[in-house]
1. Any residue at all in segment 163-185 that's free of Cβ contacts under 8 Å to residues at least 12 places away in the same chain and out of contact with any helix residue (DSSP H, G or I) (no Cβ under 6 Å at 6 or more places or on another chain)?
2. Return the residues of segment 130-141 that are in contact with a helix residue (DSSP H, G or I) (Cβ under 8 Å, 6 or more places away or on another chain) and touching a residue at least 40 places away in the same chain (Cβ under 8 Å); say none if nothing qualifies.
3. Test GLU154 against the stated conditions and say whether it is assigned to a helix (DSSP H, G or I), closer than 22 Å to GLU188 by Cα and open to solvent by 50 Å² or more (accessible area, probe 1.4 Å).
4. Within segment 159-176, which residues are open to solvent by 20 Å² or more (accessible area, probe 1.4 Å), outside any strand (DSSP E or B) and either over 25 Å from ARG29 (Cβ atoms) or in contact with a strand residue (DSSP E or B) (Cβ under 9 Å, 6 or more places away or on another chain) (or both)?
5. Looking only at residues that are in contact with a His (Cβ under 6 Å, 6 or more places away or on another chain) and part of a helix (DSSP H, G or I) in segment 177-218, which one is most open to solvent (accessible area, probe 1.4 Å)?
6. Residue under question is VAL232, and the condition is that it be within 21 Å of ARG69 (Cβ to Cβ) and not in a helix (DSSP H, G or I); does it hold?
7. Can you tell me which residue in segment 55-84 is most open to solvent (accessible area, probe 1.4 Å), limited to those that are basic (Lys, Arg) and in a loop (DSSP other than H, G, I, E, B)?
8. Restricting segment 40-88 to residues that are in contact with a His (Cβ under 8 Å, 6 or more places away or on another chain) and not aromatic (Phe, Trp, Tyr), which is farthest from ALA126 (Cα to Cα)?
Amino acid sequence: MRLRNIPRAEGVLKAHPIVVKNEKAFRGRWNQEFGNSNPIHIEIGMGKGSFLLTMAKQKPEINYIGIERYSSVLLRAVEKYEERHGRDGILAVNEGTEWDFKIYEDYPNIRFVCADAAEVEELFDAGEVAKIYLNFSDPWPKKRHARRRLTSREFLGRYEKILSDEGIVEFKTDNSELFRYSLGEIEEAGWRLADCTWDLHSDERMNRGNVMTEYEAKFSGMGNPIHKLTAVRLFTDQE
């Protein structure tokens with residue numbers, strides 16, 4: 001489905017305080033941006049932001065950064081953020097809106113970034129990220145596009161360079177082919193599969209504390225089982 005462009009998106013994102021500008025300049029100093037030494041968790045391909053906003057509210061001791069490539073999609077996350085603050089007229093958020101910076105003092109542990117997933121090494125320094133969330137990522141079904149999948153060994157190689165020693169990648173999808181592919185890539189990339197289920201919502205242990213994304217609610221409502229895995233890198237003695 002073709003993504004509809006929203007002309008005002010660029011202006012809103014440029015002006016809104018929750019969206020980090022000149023994001024590559026923060027590489028290695030994101031904790032300074034948050035003003036604390038709390039662990040940093042990122043969601044790559046955050047979509048409309050419901051998952052990350054819920055996580056940030058539930059766990060104020062964690063710093064969250066949402067990365068979304070498309071400005072029109074990230075605009076919806078900004079609107080969702082405003083909605084969570086009880087502001088009216090969310091869909092009318094436009095370039096030139098006067099933002100009340102004081103309201104963000106009550107929600108200090110989240111930031112948004114408009115960037116491509118392939119740029120993660122330019123956004124974060126070695127060991128700077130404790131956890132990466134990949135939720136219902138684009139499956140890129142054609143074989144020639146496999147390297148674009150966010151669970152490909154190419155992307156796992158990028159994650160290795162920014163994750164802490166005990167860093168985790170958490171992946172959820174309803175796409176069985178993509179999930180099976182991801183399991184293979186984790187093994188080929190030299191990672192360890194920490195946990196796995198082919199039917200998350202029927203797995204009492206793994207579903208405990210699960211925060212659903214908008215896609216997750218939609219697909220599970222259609223009767224599709226949700227697959228989930230967590231993976232950690234296997235470090236060698238040489239490292």
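The values are calculated or read from the model by the stated rules, or taken from the named source; none is laboratory data. Bear in mind that the values here come from a model prediction, so they are computed numbers and not experimental data. Cβ atoms come from the backbone with ideal geometry, glycine included; neighbour counts cover every protein chain shown. Ligands, DNA and RNA are stripped out before the accessible areas are found, and what is left, the full protein with its side chains, is counted by its heavy atoms. Shrake-Rupley method; radii C 1.70, N 1.55, O 1.52, S 1.80 Å.
1. Step one: list which residues in segment 163-185 are free of Cβ contacts under 8 Å to residues at least 12 places away in the same chain, which gives 180, 184.
Going one step further and asking which of them are out of contact with any helix residue (DSSP H, G or I) (no Cβ under 6 Å at 6 or more places or on another chain), we end up with 180, 184.
For segment 163-185, residues free of Cβ contacts under 8 Å to residues at least 12 places away in the same chain and out of contact with any helix residue (DSSP H, G or I) (no Cβ under 6 Å at 6 or more places or on another chain): present.
2. Going through segment 130-141, the residues in contact with a helix residue (DSSP H, G or I) (Cβ under 8 Å, 6 or more places away or on another chain) turn out to be 132-133, 135-141.
Passing the criteria: ILE132, TYR133, ASN135, PHE136, SER137, ASP138.
3. Values: assigned to a helix (DSSP H, G or I): yes; closer than 22 Å to GLU188 by Cα: yes; open to solvent by 50 Å² or more (accessible area, probe 1.4 Å): yes.
Judged against the criteria, GLU154 is a match.
4. Those that are open to solvent by 20 Å² or more (accessible area, probe 1.4 Å), outside any strand (DSSP E or B) and either over 25 Å from ARG29 (Cβ atoms) or in contact with a strand residue (DSSP E or B) (Cβ under 9 Å, 6 or more places away or on another chain) (or both): GLU160, ASP174, ASN175, SER176.
5. We begin by selecting, within segment 177-218, every residue in contact with a His (Cβ under 6 Å, 6 or more places away or on another chain); these are 179, 198, 207.
Okay, now just the ones that are also part of a helix (DSSP H, G or I), so 179, 207.
Working: PHE179: 0, ASN207: 49 Å².
Going through the qualifying residues, I end up with ASN207.
6. Values: within 21 Å of ARG69 (Cβ to Cβ): no; not in a helix (DSSP H, G or I): yes.
Against the criterion (within 21 Å of ARG69 (Cβ to Cβ) and not in a helix (DSSP H, G or I)), VAL232 does not qualify.
7. Step one: list which residues in segment 55-84 are basic (Lys, Arg), which gives 57, 59, 69, 76, 80, 84.
So of that shortlist, the ones also in a loop (DSSP other than H, G, I, E, B) come out as 59, 69.
Details: LYS59: 84, ARG69: 127 Å².
Top of the filtered list is ARG69.
8. Restricting attention to segment 40-88, the residues satisfying the condition of being in contact with a His (Cβ under 8 Å, 6 or more places away or on another chain) are 55, 62-65, 78.
Narrowing further to those that are not aromatic (Phe, Trp, Tyr): 55, 62-63, 65, 78.
Details: MET55: 24, ILE62: 18, ASN63: 17, ILE65: 16, VAL78: 28 Å.
Across segment 40-88, the extreme among qualifying residues is VAL78.
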